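Novice: Dropping the structure in here first, questions after.
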Amino acid sequence: MPGPVKTEAVVLRSMRYGEADRILHVYTPARGRVGAIAKGARRARSRFGGRLEPFFRLKIELHEGRGELLTVTGAQTVDAYARLREDARALDAAARACDAVGRLFETSEPHPGVFNLLCRKLALLDAQAGGGEVPAGAAPVAARAGALAFRLKLLLAAGLAPQLGACASCGEREHLVGFSGAAGGVVCAACEAGSFALGEHAYRFMADAFAAPLHEAPDAPESALAQVERAIGATLEHHANLRLMPAAAGAA
C-alpha cells in the first residue's frame, strides 16, 4: 500500500541517474530487494552525504508511490564498514557478496536471514581489512573459502542446498564420488554419468560450511575449492537458471 516505509537496508548498488540523482538497489529484511531513487543525492549539499554508496548499512526512509521505484526521503548510517573501503581485496569481495544476494534474491519476498547473513559478511570483511579478528593479509585461498562458505549459506536460504547425505539419484549412502547439478547433489559410482568428480576435501568443506558460523569457514586446498565452486555453479545453473561471477578475484 502506498505511503512511508522505514526499514534497515544494505546498499547493493548505487548508480548515477540524470544530473543529480541516484538509483539504488537495496536489500532489506522485510521487503527483500528494493529499487529506489534518491533525488538530488549527487548535489554537493545533499542531505544524504555519501551514505548511499554501496555496502552502507542504513536506517532508510522511503516513500512508496505508484511507480516501481520508491523514493528515498531519509537515511541514517548504521555501519559504513569504513575499513573495508580502504582495502581493494575486501572491497572486491563485498561487491561479489552483494551481487550474489541481489541476483539470487531479486524479488520483494522477505528473507531476514539473508539480510543478517549479508551484514555479517560485510562486518567480517571489514574486520579483515582492519586487521581485526582475521589477519588483513589472509591468503587468497582463505578469502575464496570464506566467499564459498557464504554462497553455500545463500543456497541454503534459497532452498537450493545440494543433497550431501546420500546419492541424489538413488539414495545410496556410500561410494559418493561425483556431483550432479541436475540431480541436485552428490551421486554414487552407479549414477555418476553426467556428473563431475567431487573429492573428499570438497565434500567435507561443503558439509562443514553449512554447519559452521560464517566466521569459521573451513579450510580446504585450492583444488577442492575449485570443485566446490563448480558444484555451486552447477546447482544455480540447473535450479535457478543463474550464473554468478566467480566467488573471488582470480578464481577460475
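Novice: Among Arg31, Arg66, Arg204, which one moves the most in a GNM of the chain with springs linking Cα atoms closer than 10 Å?
Specialist: Sorting by GNM fluctuation, first place goes to Arg66.
Novice: Taking the Cα centre of region 3-79 as origin, work out the dipole magnitude from +1 charges on Lys and Arg Cβ and -1 charges on Asp and Glu Cβ, in debye rounded to 20.
Specialist: So the magnitude is around 160 debye.
Novice: Same structure again: As I understand it, the dipole of the chain uses +1 on the Cβ of Lys and Arg and -1 on the Cβ of Asp and Glu, about the Cα centre. Which of Gly67, Ala145, Gly32 lies farthest toward its positive end?
Specialist: So the residue furthest toward the plus end is Gly67.
Novice: Go through Tyr81, Leu244, Val186 and say which Cα lies farthest out towards the positive end of the charge dipole of the chain; charges sit on Cβ, +1 for Lys and Arg, -1 for Asp and Glu.
Specialist: With unit charges placed on the Cβ atoms, the residue in question is Tyr81.
Novice: Say each of His175 and Asn241 gets a label point 7 Å from the Cα, pointing the same way as Cα to Cβ; how far apart are those two points in nm?
Specialist: Distance between label points: 3.7 nm.
Novice: While we're here: So, counting K/R as plus one and D/E as minus one, what does the shell of residues with Cβ under 13 Å around Ala166 add up to?
Specialist: Taking every other residue near Ala166 into account, the sum is -1.
Novice: Express in whole angstrom the spacing between the alpha-carbon centres of region 184-205 and region 3-59.
Specialist: So the separation of the two Cα centres works out to 43 Å.
Novice: Could you give the nm distance between label points at Val141 and Glu19, where each point is 7 Å from its Cα heading toward the beta carbon?
Specialist: The answer from the label model is 5.6 nm.
Novice: Using only the alpha-carbon atoms of the chain, report the extent along each of the three principal axes, biggest first, to the nearest angstrom.
Specialist: Principal-axis extents of the Cα atoms in the chain, largest first: 65, 42, 27 Å.
Novice: How much length would be gained if the chain were fully extended between Leu69 and Glu216, taking 0.36 nm per residue of separation minus their Cα-Cα distance, in nm to one decimal?
Specialist: 49.1 nm
Novice: While we're on this one: In degrees between 0 and 90, to the nearest 10, how far off the longest principal axis of the chain does helix 140-157 point, with axes built from Cα atoms?
Specialist: Orientation of helix 140-157: about 80 degrees from the principal axis.
Novice: Now for a different question. Assuming R0 = 30 Å, what is the FRET efficiency of Phe196 and Ser108, from their Cβ-Cβ distance, to the nearest 0.05?
Specialist: After rounding to 0.05, the efficiency reads 0.25.
Novice: Taking the mean number of other Cβ atoms within 10 Å as a proxy for protection, how do you rank 181-187, 44-50, 232-238 from highest to lowest?
Specialist: 181-187, 232-238, 44-50
Novice: Then there is this: Mind putting a number on the dipole of region 1-129 about its Cα centre? Charges go on the C-beta only, +1 for Lys and Arg and -1 for Asp and Glu, and I need it in Debye to the nearest 20.
Specialist: Result for region 1-129 is approximately 280 debye, rounded to the nearest 20.
Novice: I would also like to ask the following. Put one equal scatterer on each alpha carbon of region 3-79, apply the Debye formula with no solvent term, and list log10 I(q)/I(0) at q = 0.21, 0.22, 0.23, 0.27 1/Å to two decimals.
Specialist: For region 3-79 at q = 0.21, 0.22, 0.23, 0.27 Å⁻¹, log10 I(q)/I(0) is -0.86, -0.95, -1.04, -1.47.
Novice: Net charge near His63, counting Lys/Arg +1 and Asp/Glu -1 over other residues with Cβ under 14 Å of its Cβ?
Specialist: +1
Read the figures in this text as sums done on the coordinates, not as results from a lab. Keep in mind that what you see is a predicted model, and the values were worked out from it rather than measured. No Cβ is skipped: glycine too gets one built from the backbone with ideal geometry, and neighbour counts run over all protein chains shown.
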